[in-house]
Amino acid sequence: MMDCQILPSHINRRIGQAMHDYAMLADGDRVLIAVSGGVDSLVLAWLLKFWQKKAPIHYTLQAVTVDNEFWRRHPGEVRPVDQISRQLTEIGIDCSVEKAWTLAEEERTCFRCARNRRSQLFDVARQRGCTTIALGHHKDDLVETFFLNMLYSGNISTMVPKQELFGGKLALIRPMAYLEKHEVVEIAERIGLTAVDNLCPLAGNTRREKVRQILAEIYEKEPEAKSSIFASLRNVREGYLL
C-alpha cells in the first residue's frame, strides 16, 4: 500500500477545518473506528492514522468491524472481515471482529440492523474504555440523511459531525463531514485502499439508494445544489417553521 505523506491541500484543509470546528479530538482520547469495509470507513482509518503522526495531541486508535456473516450465503467467498483486517494491518491499526448481535429474520430491515450495530458499537466502546467512536460519514451522507428523514420520517434532522452521548462519556465523530464522496474515493485511489464487497441481500435496494438517485437528478439540473443544501443545515430559520 502506498504510504502517501501529503494529501491534496484542499482535502487536508477541510478535514482539519471539520476537526477544529467541532473539537473532535482531545489529548488522551481512545478512539474506536467503526470499519464496515466500505471505502469510506477504510479511508477514515487511514486518515486518523495519518493525522495521528502530526497532531499536537496524543490519541490511540483501534478498529472494530461487526460481522453479519452474510458471506456464509456465498460459498467460496473470501470472508469480508479478512479483507478488512488485511488492509487495516497495512495501515498500522489493530482490528478486531465482533459477531453481530442476532436479529430474527423478520427483523432484518436496514433500520433495525443499523440500530443494532450502533448499540453494539456503544457496548464495545464501553468495554474497551474508549472515549470516542469515529464514523466514516461524509457530506453526501449528511445531505442524504436530511432528505431521508424528511421523506420517510417526517422530521428535519441529519447526522452531525460530533455528537456527545451518555452525559459526555462517549462522543461520535465524523471527521470527513466536509468531504464529498468523490474526494473520499480519490484518497482511496491515492493510497491503494479497496472497498470490500457488501454482501447484504438488501444492498443497492434501500431507501437511501432511492434518495441518492433523486439527489443525483437534482445535482444534474442544479450543480450547486449540494453545497447550498449542506449550508442550509447550519442556517435553520426556526421562526419560519411550523
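Pull up segment 221-242, narrow it to residues that are in a loop (DSSP other than H, G, I, E, B) and touching a helix residue (DSSP H, G or I) at 6+ places or on another chain (Cβ under 9 Å), then point me to the one that is surrounded by the most Cβ atoms within 10 Å (Cβ to Cβ). Per the criteria, the residue is 233.
A quick yes/no check of all residues on (1) among the aliphatic types (A, V, I, L, M); (2) within 23 Å of residue 45 (Cβ to Cβ); (3) in contact with a helix residue (DSSP H, G or I) (Cβ under 6 Å, 6 or more places away or on another chain):
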residue: 114; (1), (2), (3): yes, yes, no
residue: 118; (1), (2), (3): no, yes, no
residue: 135; (1), (2), (3): yes, yes, no
residue: 160; (1), (2), (3): yes, yes, no
residue: 206; (1), (2), (3): no, no, yes
residue: 211; (1), (2), (3): yes, no, yes
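Condition check ((1) closer than 27 Å to residue 60 by Cβ; (2) among the polar types (S, T, N, Q); (3) surrounded by 19 or more Cβ atoms within 10 Å (Cβ to Cβ)) across all residues:
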position: 126; (1), (2), (3): yes, no, no
position: 147; (1), (2), (3): no, no, yes
position: 160; (1), (2), (3): yes, no, no
position: 175; (1), (2), (3): yes, no, yes
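Within segment 105-151, the set of residues being under 27 Å from residue 230 (Cα atoms), aliphatic (A, V, I, L, M) and within 16 Å of the chain's Cα centre (by Cα) comprises 114, 133, 134, 135, 142, 143.
Here's the yes/no breakdown for (1) at pLDDT below 95; (2) under 20 Å from residue 26 (Cα atoms); (3) touching a Pro at 6+ places or on another chain (Cβ under 7 Å); (4) assigned to a loop (DSSP other than H, G, I, E, B):
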{"position": "112", "(1), (2), (3), (4)": "yes, no, no, no"}
{"position": "115", "(1), (2), (3), (4)": "yes, no, no, no"}
{"position": "136", "(1), (2), (3), (4)": "no, yes, no, yes"}
{"position": "159", "(1), (2), (3), (4)": "no, no, no, yes"}
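Only one of the listed residues (39, 31) is closer than 21 Å to residue 110 by Cα, out of contact with any Gly (no Cβ under 8 Å at 6 or more places or on another chain), among the β-branched types (Val, Ile, Thr) and modelled with pLDDT of 95 or more. That residue is 39. Looking at segment 167-192, which of its residues are part of a helix (DSSP H, G or I) and touching a residue at least 40 places away in the same chain (Cβ under 8 Å)? Correct list: 181, 183, 184, 185, 186, 187, 188, 190, 191.
Among the conditions (1) surrounded by 10 or more Cβ atoms within 10 Å (Cβ to Cβ); (2) free of Cβ contacts under 8 Å to residues at least 60 places away in the same chain, the only one that residue 211 does not satisfy is (2). Set side by side, the residues 154, 204, 167 differ, and just one is at pLDDT below 95, out of contact with any Gly (no Cβ under 7 Å at 6 or more places or on another chain) and among the small types (Gly, Ala, Ser), which is 204. State which residue is surrounded by the most Cβ atoms within 10 Å (Cβ to Cβ) when the search covers only segment 58-73 and only residues that are modelled with pLDDT of 95 or more and touching a Gly at 6+ places or on another chain (Cβ under 8 Å). Checked segment 58-73; the qualifying residue surrounded by the most Cβ atoms within 10 Å (Cβ to Cβ) is 59.
If you go through segment 146-157 and keep only what is assigned to a helix (DSSP H, G or I) and without any contact (Cβ under 8 Å) to a residue 24 or more places away in the chain, you end up with 149, 150, 153.
The values are calculated or read from the model by the stated rules, or taken from the named source; none is laboratory data. Every value quoted in this text rests on a predicted model; they were computed, and no experiment measured them. Glycine gets a Cβ as well: all are built from the backbone with ideal geometry, and neighbour counts include every protein chain shown.
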